[in-house]
Amino acid sequence: MTGGPGRGPEDLPGPATNPRLGLTGFVSAAPAESLVPLADDERRLLDEAVALLGGHRLAVLTGAGLSTDSGIPDYRGPESVPRSPMTYQQFVGDEALRRRYWARNHVGWRHLRRADPNAGHAAVALLEQRGLLSGLITQNVDRLHSSAGSVNVIDLHGTFDRVVCLQCASTFPRSRIAEILEDLNPGYLERESDAGDVAPDADADVDDTGDFVMAPCPVCGGMLKPDFVYFGENVPKARVADAYAMVDAAGALLVAGSSLTVMSGLRFVRHAFKAGKPVVIINRGRTRGDEFASLKIEAGVSEALSYLARQLPDLPSAEAIIRQGRE
């Protein structure tokens, strides 16, 4: 990616020397069994967040840290394994790497499909149901927000469950491509059933990929790619514009589970800050947006969101606003 509405040059990974190179893999950890009780200092900061955010309609921006409780490891958390995600240029320009990617994705796809929404996803859905959100922007491709019941969702980086042809632009359910891959590679899944680690973008730790047969586009025979944004790609301009509009329609921005390392998410924090809107960030560890935050909370994301979903007050009704104006 070179400038524009995507991940900037400073966000690109290093040379493709990491054996974990890929961009597709998921559930390898056990999901969280229950919420962890909040510590006193965490509760105090969340009460500050309630005071700061109360009375505002919120835009919510979420990242990989929200899905860890569903068993999906993140890229940059304290316990995450170092990874070198595949770039768009590598995917389209190197057939061997592309074959390796699809082989590992074919295995990792089954893991991601097993993930269920966690309490944090449920809390965001509840905030929307209560009328407290202008909408939700997620950097995750796992579709767990939609599974939890969120409706007004912008999947900023695309979704793992759809595949696009780079030649004719046809799109297909990932499940359909999985069936084609199984027909082209009989016995492969059984042979690689003991694959190791799986990454947040569906990349399973599989080494035997040299003979894997990739699926062509069922329509034109062209090159297929999972329909999410790789490093080196731009987020579609219309999607970015919709996300900015969602922030503009809100009175405050709540960030949950994102290190804001890539510009695709950080720009919305900067945008809200420049507009003078409160920005609250919930994330364990430093983020690139800390300097723009009105309040930074280091706590479990699911626990914090669940607390906010219970404690944030309802917005006043239109009738109440009119009545107050008359008084």
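The values are calculated or read from the model by the stated rules, or taken from the named source; none is laboratory data. As the structure is a prediction and not an experimental result, all values here were calculated from the model. Note: ideal-geometry Cβ built from the backbone for every residue, glycine included; neighbour counts use all protein chains shown.
Note on the range 280-296: residues that are of a type in the set (S, T, N, Q) and either on the phi > 0 side of the Ramachandran plot or under 17 Å from the mean Cα position of the chain (by Cα) (or both) amount to 2.
Among the residues of the range 247-259, which ones are buried (at least 17 other Cβ atoms within 10 Å of the Cβ) and more than 17 Å from Gly158 (Cα to Cα)? Val247, Ala250, Ala252, Leu253, Leu254, Val255, Ala256, Gly257, Ser259 - these are the residues of the range 247-259 that are buried (at least 17 other Cβ atoms within 10 Å of the Cβ) and more than 17 Å from Gly158 (Cα to Cα). Looking at the range 54-68, can you tell me whether even one residue there is modelled with pLDDT of 90 or more, under 13 Å from Leu305 (Cβ atoms) and either charged (D, E, K, R) or surrounded by fewer than 17 Cβ atoms within 10 Å (Cβ to Cβ) (or both)? No: zero hits. Is one or more of the residues making up the range 306-313 at pLDDT below 95 and part of a loop (DSSP other than H, G, I, E, B)? No, because not a single residue in the range 306-313 is at pLDDT below 95 and part of a loop (DSSP other than H, G, I, E, B). Checking each residue in the range 270-293 for being crowded, with 17+ Cβ neighbours inside 10 Å, hydrophobic (A, V, I, L, M, F, W, C) and part of a loop (DSSP other than H, G, I, E, B) picks out only Ala293. Which numbered condition in (1) assigned to a loop (DSSP other than H, G, I, E, B); (2) at pLDDT 95 or above is the only one that Thr261 fails? Going through (1) assigned to a loop (DSSP other than H, G, I, E, B); (2) at pLDDT 95 or above one by one, Thr261 breaks only (2). On the stretch given as the range 138-176, residues that are surrounded by 24 or more Cβ atoms within 10 Å (Cβ to Cβ), within 23 Å of Leu315 (Cα to Cα) and within 13 Å of the chain's Cα centre (by Cα) total 1.
Can you name the residue in the range 230-249 that is outside any helix (DSSP H, G or I) and small (Gly, Ala, Ser) and is also modelled with the highest pLDDT among such residues? By that ranking, first place goes to Ala249.
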